[in-house]
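In what follows, a structure is listed as structure tokens, so that the remarks can point back to it.
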Amino acid sequence: MIGTVLYYVLLPAARLFRALRDAFFTCRKNVLLAKSTSTQIEDVFAATRGRSVPEEQEALLQQWLEEGAGNLPASESAPAAGRVSVKLTSDWLEGSELLMTSLSDLNSAPEVTQCSGQQLTELHALASSEPQDHAVTDLTKLPAEETVSVAGSAPLAAVVPQADHQLAARAAVGIEVQNEDPAVLAWSLAHDTDTVPTEPPPWPIQDTVQLCPLPTEVPYHDILWRDWEDLSVQPCVLEQVSENSPLFEFRVMSYNILAQDLVEQGLDLYLHCHPDILNWNYRLPNLLQEIQHWDPDVLCLQEVQENHYWEQLEPTFKEMGFACFYKRRTGTKTDGCAVCYKHSRFQLISLSPVEYFRPGLDVLNRDNVGLVLLLQPLLHEGLDPKAVSPLCVANTHVLFNPRRGDIKLAQMALLLAEIDKIAKTTEGSYYPVILCGDLNSVPDSPLYKFIRNGELSYHGLPAWKVSGQEDFSQQLYSRQLLAPLWPSSLGVTDNCQYVTFCQPKKPGRRKYSRGFLLQFRFCDAACERPPQLVLLEGVTDAKPALHPSLFFFGKWWLFMCRSSGIIRHGLNLTSVYSHFLPQRGRQEVTTMPMGLGATVDYIFYSAEPVENGNRGGECRRLYKDGALKLLGRLSLLSEDVLLLANGLPNPFYSSDHLCLLASFGLEISSL
């Protein structure tokens with residue numbers, strides 16, 4: 001009886017204690033969240049994952065992180081080159097005023113540094129403490145800085161949230177405020193050599209009590225700095241380039257700039273971004289400045305919105321010395337591809353826009369497009385223009401849908417057929433080719449191998465495997481590729497050549513159309529049997545007939561010739577990038593959809609194949625530079641580095657893709 005009474009008396013008290021404890025813990029976290037940077041919060045939360053934490057505290061920490069990700073601005077620390085720009089207001093940083101903070105100036109402001117250090121200590125104590133059930137304090141009666149001792153844990157400082165004017169009063173007053181754009185500061189070539197980027201702390205060992213020290217906040221230009229890799233000093237390149245063989249050097253950039261219409265249609269993909277950095281008025285200056293900084297001679301752009309191209313991009317590019325060509329996607333799509341080249345370096349020979357949509361063909365029923373240009377390099381005065389070979393430049397954006405690899409493969413075959421037509425010389429060889437674009441396929445996928453190795457056996461291959469973007473092997477039904485992949489009416493052979501261009505025309509032979517010959521089918525000469533005609537059964541008799549076995553064999557042979565299930569091309573293309581960062585031991589990424597890094601953007605170029613023998617059935621073709629030589633490239637980044645900058649887009653890079661940049665040299669045959 002006494003036990004029952006105590007149960008009903010103590011049960012409400014226990015529930016009240018738990019509610020007060022949770023309220024106290026949540027209040028403390030929200031206060032520290034408002035006073036701490038996103039990097040500190042992430043590191044402390046990551047450090048606590050290695051220890052055993054009660055379910056309630058783990059849930060609260062997870063809720064803290066989710067609430068903080070929505071409330072924090074996208075750039076609490078953005079890049080700066082040499083100077084500091086800090087703006088402390090009552091609201092979060094907005095618009096193009098997303099300014100940046102550097103290490104040296106934070107150290108010069110003792111008030112701000114001391115305050116952040118104290119908050120960091122409180123944050124550590126809060127993350128490592130476990131509230132006990134037998135210590136409860138009324139939060140409403142605590143003063144602003146009163147210390148509360150919880151049994152079995154470190155003392156916690158109860159901090160009452162301050163008003164906006166109080167926060168502004170505690171900030172240092174002597175910090176210089178500038179209104180320069182962050183990208184202007186970050187793209188400055190005056191890189192601070194004294195600042196060494198701090199490596200992120202190692203993941204804590206299981207059941208480790210002591211936390212690793214948090215790294216000092218690093219500016220964006222230190223996190224996202226991309227090095228230029230000079231490949232012209234490599235021995236293999238030096239051997240091929242002699243002092244007596246000058247080169248026509250030029251730079252090529254491929255960039256998916258993220259159409260604004262696609263941003264607004266898929267805002268769920270960019271919840272990690274501050275709304276202001278998704279604004280086109282913020283993104284456009286960043287994109288143009290990045291292009292102007294790297295100064296390419298040939299520019300291949302994807303996801304170029306049509307109205308932005310005609311109203312803003314093309315006029316700006318023309319002022320920069322570019323000649324521009326644009327192809328909008330078919331149907332109701334509002335974006336497309338653009339190819340621009342500097343008219344002081346190249347002259348247009350031919351232009352061929354490519355539309356992949358074919359009415360009535362399921363394998364070509366999407367609205368993607370491409371552009372193929374043939375350019376003549378312009379040499380200095382006094383040099384023969386024919387001393388350097390023309391250059392074929394292709395740009396495309398292949399279908400995204402990971403499940404429709406059959407469409408991706410057919411689109412690429414159609415583009416390669418167009419390149420074959422434009423780049424083929426009268427002797428049957430090819431001019432140097434550079435293929436750029438967003439192919440929506442990962443390295444070593446079947447589509448990638450087809451481009452690089454020149455051959456793919458696709459019959460029976462699951463469609464989702466073609467691009468390698470996602471794994472759908474667990475699905476009950478999976479679309480498979482069957483031969484032939486496209487009908488013969490498309491006019492493209494399995495060698496990715498147009499039928500009218502795959503065989504050279506015989507000189508002196510006259511050809512008549514079927515319609516022209518049908519006009520004479522009822523004339524007197526057609527109705528009379530020539531007397532000299534030898535009678536052959538099944539050939540020249542009135543009733544031709546074919547033996548059933550021969551008829552079946554002929555049909556089977558024709559089907560096998562057309563439906564081998566293997567497609568080829570003879571362009572000998574290799575990738576500018578190796579897709580791996582050996583110094584970091586990580587893979588390169590060009591985009592980060594939903595926070596997951598992947599490589600889908602490429603620059604392929606013509607090279608000469610090297611015989612490497614048989615490698616266990618899986619032959620990976622090796623190449624060496626030919627007339628077109630790779631001289632350098634802009635390094636890519638890894639997934640962990642981009643995560644430190646909150647992914648893509650961010651205040652520094654205004655697209656969800658990284659730009660690709662490579663430097664080439666064309667041999668000048670004679671002076």
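The values are calculated or read from the model by the stated rules, or taken from the named source; none is laboratory data. Treat the numbers as computed from the prediction; the structure is a model and nothing was measured. Here the Cβ positions follow ideal geometry from the backbone for every residue, glycine too, while neighbour counts run over all protein chains shown. Please note that ligands, DNA and RNA were not included when accessible areas were found on the heavy atoms of the full protein model with its side chains. Shrake-Rupley method; radii C 1.70, N 1.55, O 1.52, S 1.80 Å.
Could you identify the single residue in GLY382, GLY336, GLY370, GLY360 that is modelled with pLDDT under 95 and either within 22 Å of LEU414 (Cβ to Cβ) or among the aromatic types (Phe, Trp, Tyr) (or both)? Break it down into steps so the answer makes sense when it comes.
Values: GLY382 fails: either within 22 Å of LEU414 (Cβ to Cβ) or among the aromatic types (Phe, Trp, Tyr) (or both); GLY336 fails: modelled with pLDDT under 95; GLY370 fails: modelled with pLDDT under 95.
The conditions single out GLY360.
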Open item on the list: Just the residues that are out of contact with any Leu (no Cβ under 8 Å at 6 or more places or on another chain) and basic (Lys, Arg), please, taken from the range 341-376.
Closed with: LYS342
Task: Among (1) more than 24 Å from GLN265 (Cβ to Cβ); (2) open to solvent by less than 10 Å² (accessible area, probe 1.4 Å); (3) part of a helix (DSSP H, G or I), the one test that ALA394 misses - done: (3)
Task: Members of the range 437-466 that are touching a residue at least 40 places away in the same chain (Cβ under 8 Å), in contact with a helix residue (DSSP H, G or I) (Cβ under 8 Å, 6 or more places away or on another chain) and of a type outside the set (A, V, I, L, M) - done: ASN440, SER441, PRO446, PHE450, TYR458, PRO462, TRP464, LYS465
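Take the residues of the range 279-318 that are among the hydrophobic types (A, V, I, L, M, F, W, C), more than 21 Å from ARG226 (Cα to Cα) and over 17 Å from the mean Cα position of the chain (by Cα): which is surrounded by the most Cβ atoms within 10 Å (Cβ to Cβ)?
Taking the candidates together, the pick is LEU313.
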TODO: Exactly one condition in (1) open to solvent by less than 50 Å² (accessible area, probe 1.4 Å); (2) touching a residue at least 40 places away in the same chain (Cβ under 8 Å) is not met by ARG328; state its number.
DONE: (1)
Open item on the list: Please go through the range 638-651 and give me each residue that is of a type in the set (A, V, I, L, M), touching a residue at least 60 places away in the same chain (Cβ under 8 Å) and open to solvent by 10 Å² or more (accessible area, probe 1.4 Å), ordered by number.
Closed with: VAL641, LEU644
Task: Near pairs, Cβ below 6 angstrom, 6+ apart or cross-chain, from the range 467-495 (under 17 Å from SER457 (Cα atoms)) to any residue that is open to solvent by 40 Å² or more (accessible area, probe 1.4 Å) - done: ALA483/HIS459; PRO484/ARG562; THR493/CYS502; ASN495/ARG568
TODO: Take the range 622-638 and flag every residue that is outside any loop (DSSP other than H, G, I, E, B) and among the aliphatic types (A, V, I, L, M).
DONE: LEU622, LEU628, LEU630, LEU631, LEU634, LEU637
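Are there helices (runs of 4 or more DSSP H) fully within the range 478-589 with at least 3 residues that are at pLDDT below 70? List them. If you could, list the steps in order and put the result at the bottom.
Numbers: elements: 499-502, 514-518, 524-527, 548-562.
The helices (runs of 4 or more DSSP H) meeting that bar are 548-562.
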